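Remarks on the structure that follows.
The values are calculated or read from the model by the stated rules, or taken from the named source; none is laboratory data. Nothing here was measured: the structure is a model prediction, and the numbers come from that model. A quick note on method: Cβ atoms are made from the backbone with ideal geometry, for glycine too, and the neighbour counts reach across all protein chains shown. Please note that ligands, DNA and RNA were not included when accessible areas were found on the heavy atoms of the full protein model with its side chains. Shrake-Rupley method; radii C 1.70, N 1.55, O 1.52, S 1.80 Å.
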Amino acid sequence: MKTAFSSLLRFIDQIQPPKKVHAHCDVPCGVYESDSALWAVETCQKLVEKLLVLEAPATGNKQAVLEYQNTVTRAILVKEEYAQICKEQLLILWTDYFKSEHLAKWPDLHDKIWKATKQCSIVKRTVSLEEVKKLRTLVEEIAAVFKSSKS
């Protein structure tokens, strides 16, 4: 049966050869959004704010030191995770959503996204409110371009 079916498909291909198709993305248009990048950078900002006000305990209190180290470690891990999520969401927009016509309208778009993804890496390796705010500004600019491109 498998051979007969294969033969039938080859016959149909000879009668009506398949046409080559092109798609600009992996999924249907309309499922893209910038909200994920925005909430990811907001999460990074909240964690940095919490880390900056966290008080280190006296070194003599072993349990308090362990709790402090645990809190710092977990906050840093989550901050890095969300900075990576932000980077991934920006790259999805860059590689799958934005097209040539967007670059014609916003010629600095590649540069904006490149700077934002680099800034994600800076946010991952630092505990700096200033660096997170730089990222937030870049992500908001990209989100504005994205929103404008949809109207």
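Quick grid of which residues meet (1) outside any helix (DSSP H, G or I); (2) open to solvent by 70 Å² or more (accessible area, probe 1.4 Å); (3) farther than 17 Å from Asp35 by Cα:
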{"position": "Glu67", "(1), (2), (3)": "no, yes, yes"}
{"position": "Arg74", "(1), (2), (3)": "no, yes, yes"}
{"position": "Glu81", "(1), (2), (3)": "no, yes, no"}
{"position": "Glu88", "(1), (2), (3)": "no, yes, no"}
{"position": "His102", "(1), (2), (3)": "no, no, yes"}
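Among the residues of segment 127-150, is any modelled with pLDDT of 95 or more, more than 18 Å from Leu38 (Cα to Cα) and either part of a helix (DSSP H, G or I) or within 18 Å of the chain's Cα centre (by Cα) (or both)?
Within segment 127-150, none of the residues are modelled with pLDDT of 95 or more, more than 18 Å from Leu38 (Cα to Cα) and either part of a helix (DSSP H, G or I) or within 18 Å of the chain's Cα centre (by Cα) (or both).
Mind listing whichever residues of segment 104-115 are open to solvent by less than 60 Å² (accessible area, probe 1.4 Å) and either under 16 Å from Lys150 (Cβ atoms) or touching a Lys or Arg at 6+ places or on another chain (Cβ under 8 Å) (or both)?
The answer is Trp106, Leu109.
Looking at Thr59, is it within 13 Å of the chain's Cα centre (by Cα) and open to solvent by 50 Å² or more (accessible area, probe 1.4 Å)?
no
In the set Lys20, Lys50, Lys2, which member is modelled with pLDDT of 95 or more, out of contact with any Phe, Trp or Tyr (no Cβ under 6 Å at 6 or more places or on another chain) and open to solvent by 80 Å² or more (accessible area, probe 1.4 Å)?
Of Lys20, Lys50, Lys2, the one residue that is modelled with pLDDT of 95 or more, out of contact with any Phe, Trp or Tyr (no Cβ under 6 Å at 6 or more places or on another chain) and open to solvent by 80 Å² or more (accessible area, probe 1.4 Å) is Lys50.
Being closer than 16 Å to Val48 by Cβ and exposed (fewer than 15 other Cβ atoms within 10 Å of the Cβ): is that true of Thr95 here?
In short, no.
Name the single residue, out of those in segment 56-93 being touching a Ser or Thr at 6+ places or on another chain (Cβ under 8 Å) and free of Cβ contacts under 8 Å to residues at least 40 places away in the same chain, that is nearest to Ser151 (Cα to Cα).
The selected residue is Leu91.
Return the residues of segment 113-126 that are part of a helix (DSSP H, G or I) and either under 14 Å from Leu51 (Cα atoms) or of a type in the set (A, V, I, L, M, F, W, C) (or both); say none if nothing qualifies.
Listed by number, the residues that qualify are Ile113, Trp114, Ala116, Cys120, Ile122, Val123, Lys124, Arg125.
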